[in-house]
Every structure is written in structure tokens, then in C-alpha cells.
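The values are calculated or read from the model by the stated rules, or taken from the named source; none is laboratory data. Model, not experiment: these values are computed from the prediction. Reconstructed Cβ throughout: ideal geometry from the backbone, glycine too, with neighbour counts over all protein chains shown.
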Amino acid sequence: MTSRPAPAQRLSDLARLRRVRDRIDREFARPLDVESLARDAHMSAGHLSREFKAAYGESPYGYLMTRRIERAMALLRRGDLSVTEVCFEVGCQSLGTFSTRFTELVGVPPSTYRRQAAQATEGMPSCVSKQVTRPVRNREARSPSRT
């Protein structure tokens, strides 16, 4: 038997998960791994991954990469950095992994996105372009034939 009632434990776990998510949002460009996030949240890596996915719909690593790709999209729209510079600026250590993950989330490689984004958001307020260009996972996006 635990010393805490189940609802109190669940609230405590959710608060810890929120702190992990907030840390990822703040420190996405720094080297982060699930083990250190779990250690700081006083959880095992497996438990953190399961609970995070249950609460937010994706793993901590997936959430981290989504944040990095969102930031990369903004930097690529700006147009003053190369794809390689953007990759390292958002905290990725491998250009290949960055490009693969970017393509999975956005649907086009970073270099193609950079060329297309400049034209697509021209004259659009930045607050609107940020919402319009937010990445959607390919498996969740509706196919053009079903729209």
C-alpha cells in the first residue's frame, strides 16, 4: 500500500511531467536525453516515457524533436542561415538525423522548405505565419484526396 492516495499521486506525476515538458520547451537547443530528464524528475526513463506519451501523445524525445523542428522552421523562413547552421542552432548534432526528422514532420526536406516558405508567407504577419506553418506529423495530416 502506498502512503499517498492514487489521485494525489497522479497529480504529482502530472506536475512532474509538466516540469519536464517546460524544461524541454526552454532548453530544446541544449543536449537533452530522456535519462537525464527522468533523473531530474525522479522517475525511471521508461516510466517517464510511458507517462509522458500518455499525457501528451508523444514521447519526450518526439516532443523535443518537434520543438527543434518548429524552431528550425522559423529560422529557415528567416533565410539568413544555411540548413547546416540551423541544424546546430536548434541543438541537433547530426545533419542527417535533422534532415530526416524535418522531412518526416514537415513533409519536405529543409532546403526545399526554405525555398518554399519565403514565397508562402510573404506579407503575412509573423504570428499568423507561425500558426500556419506549424509542423503536422505526416501520419496525422489528411491526404489531399480526402479534403
Residue match in region 60-82 (condition: over 24 Å from Val128 (Cα atoms) and acidic (Asp, Glu)): no
Selection status of Leu48, buried (at least 18 other Cβ atoms within 10 Å of the Cβ), over 13 Å from the mean Cα position of the chain (by Cα) and farther than 29 Å from Arg18 by Cβ: no
Test result for Asp25, surrounded by fewer than 17 Cβ atoms within 10 Å (Cβ to Cβ), within 30 Å of Pro125 (Cα to Cα), without any contact (Cβ under 8 Å) to a residue 60 or more places away in the chain and not assigned by TED's automatic domain parsing to the domain that holds Tyr113: yes
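Let's see how each residue does on (1) among the hydroxyl-bearing types (Ser, Thr, Tyr); (2) farther than 27 Å from Gly107 by Cβ; (3) assigned to a loop (DSSP other than H, G, I, E, B); (4) touching a Leu at 6+ places or on another chain (Cβ under 8 Å):
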residue: Arg16; (1), (2), (3), (4): no, yes, no, no
residue: Glu35; (1), (2), (3), (4): no, yes, no, no
residue: Gly62; (1), (2), (3), (4): no, no, no, no
residue: Val86; (1), (2), (3), (4): no, no, no, yes
Residues (more than 29 Å from Met124 (Cβ to Cβ) and under 12 Å from the mean Cα position of the chain (by Cα)) located in region 57-96: Ser59, Pro60, Tyr61
Filter result for the condition that a residue is touching a helix residue (DSSP H, G or I) at 6+ places or on another chain (Cβ under 8 Å) and closer than 24 Å to Glu70 by Cβ, over Ser36, Ser59: Ser59
